[in-house]
Amino acid sequence: MTADTGLSPPGQAIGANRFWHRARHADRRPLLLARNRMKAALRAWFEAEGFVEIEAAALQASPGNEIHLHAFATQAERENGTSSPLYLHTSPEFAMKKLLAAGEEKIFAFAPVFRNREEASSALHAREFCMLEWYRVGDAYEAIIADCAALVRVAAGAIDQRALTWRGRQCPIAPPPQRLSVCAAFAQFAGIDLLATLSPGGLGDLHALGAAAQQIGMAAREHDTWSDLFSRIMVERVESQLGTDRLTILDGYPAPEAALARRSAQDARFVERFELYACGVELANGFGELTDPIEQRARFESAMAQKAARYGHAYPLDEDFLAALAHMPAAAGCALGFDRLAMLALAAPRIAQVQWVPVEDG
């Protein structure tokens, strides 16, 4: 009888590249234990700040209504033989905002979220990952932005790290974050006057942005919208320049990129939305939250019409969420990719390295 080591017999490679292979797990285990320390430190910070931890159900009537996010679908089957569609959420946002409508004022969650069409081979993406999401009731947009830098320092401090690292680049976390507007970033890194491509009401002018993109060697593709071209310029020319010598808060998103953010009270061309970057990697996305159900419905319907035209399918609207939105107080919130933060804090080469049980394609 031979000892059960959990390893494949000599000459066999079955499971050798799987996360549960003992040798591979032994390599990953120090990172996973460090991840646990980071999570414990973040949870302690939230509790000290008076936040309540909640758990959001992953099964929802709608997974979210963004054009380019793809969900996992299933069916709720009843004893009488009827069924109805359900989806694994792409974010706990709808559920958490319902709790704000119910009277909660400071909440957070470490939520498993699910994104279809995310390749398991990607270093930065996963089909299932952990999202840290939190909300503050009130005029809290600036407070949420301040939370981001504090949380990064708390998480990194729990494992004695002073910088985030990605592919040889380091981002020190001690200096105050750089605050950069989207327009300034486009001007500095892409040579594009983004403001000149927006109407006074905040509509994007595809012709103007396409002409500006052509000047830097990029071109609008057939069926591109203003947002499509904006996103491509962001990815190809801007993002890699953010968070290079300190954390970067990219703020003041143009109105076509509003999603669930409210309009700026100072300029209707922009919304209260920011993203946090380190080493050219997006870590968090935050909003001053839109609480107008009529405007939110219009945004959702427009996004799902575009999704249907592009991908041949769309997701239903969460009518319960829209009803709750009418009762939701002013608030701000943020979603932070906890796995990405752990990956950069631990200088891991892939997101799967810091997930206890990564989803691996068969």
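The values are calculated or read from the model by the stated rules, or taken from the named source; none is laboratory data. Just so we're clear, the structure is a prediction, and the values are computed from it rather than from any experiment. Backbone-built Cβ (ideal geometry, glycine too); neighbour counts: all protein chains shown.
Can we say D160 is at pLDDT 95 or above, surrounded by fewer than 17 Cβ atoms within 10 Å (Cβ to Cβ), within 21 Å of H68 (Cα to Cα) and more than 22 Å from the chain's Cα centre (by Cα)? For D160, the condition - at pLDDT 95 or above, surrounded by fewer than 17 Cβ atoms within 10 Å (Cβ to Cβ), within 21 Å of H68 (Cα to Cα) and more than 22 Å from the chain's Cα centre (by Cα) - is not met. Is there a residue being of a type in the set (D, E, K, R), modelled with pLDDT under 95, more than 14 Å from the chain's Cα centre (by Cα) and in a strand (DSSP E or B) anywhere in the range 71-92? Taking every residue of the range 71-92 in turn, at least one turns out to be of a type in the set (D, E, K, R), modelled with pLDDT under 95, more than 14 Å from the chain's Cα centre (by Cα) and in a strand (DSSP E or B). Collect the residues in the range 349-362 that are small (G, A, S) and closer than 14 Å to H25 by Cα, keeping them in residue-number order. Residue satisfying the conditions is A352 alone. For the structure I just gave you, tell me whether L180 is of a type in the set (A, V, I, L, M, F, W, C) and surrounded by fewer than 22 Cβ atoms within 10 Å (Cβ to Cβ). Here the answer is yes, as L180 does meet what is asked. Kindly provide the set of residues from the range 15-39 that are out of contact with any helix residue (DSSP H, G or I) (no Cβ under 6 Å at 6 or more places or on another chain), over 13 Å from V357 (Cα atoms), aliphatic (A, V, I, L, M) and in contact (Cβ under 8 Å) with a residue 24 or more places away in the chain, ordered by number. The one that is out of contact with any helix residue (DSSP H, G or I) (no Cβ under 6 Å at 6 or more places or on another chain), over 13 Å from V357 (Cα atoms), aliphatic (A, V, I, L, M) and in contact (Cβ under 8 Å) with a residue 24 or more places away in the chain: A34. Taken residue by residue, the range 233-249 has no member that is outside any loop (DSSP other than H, G, I, E, B), of a type outside the set (A, V, I, L, M), closer than 22 Å to N65 by Cβ and in contact (Cβ under 8 Å) with a residue 24 or more places away in the chain.
Whether any residue in the range 211-227 is buried (at least 18 other Cβ atoms within 10 Å of the Cβ), at negative phi and within 23 Å of the chain's Cα centre (by Cα) is what I want to check. Yes, because at least one residue in the range 211-227 is buried (at least 18 other Cβ atoms within 10 Å of the Cβ), at negative phi and within 23 Å of the chain's Cα centre (by Cα).
One residue stands out among those in the range 93-119 that are assigned to a loop (DSSP other than H, G, I, E, B) and acidic (D, E): the one that is nearest to E289 (Cα to Cα), which is E105. Every condition in (1) part of a helix (DSSP H, G or I); (2) touching a residue at least 40 places away in the same chain (Cβ under 8 Å); (3) surrounded by fewer than 20 Cβ atoms within 10 Å (Cβ to Cβ) holds for G50 except the one numbered (1). Every condition in (1) under 19 Å from S122 (Cβ atoms); (2) charged (D, E, K, R); (3) surrounded by fewer than 21 Cβ atoms within 10 Å (Cβ to Cβ) holds for R340 except the one numbered (3). Residues that are without any contact (Cβ under 8 Å) to a residue 60 or more places away in the chain and out of contact with any Cys (no Cβ under 6 Å at 6 or more places or on another chain) number at least 1 in the following strands (runs of 3 or more DSSP E) confined to the range 259-362: 270-278, 281-288.
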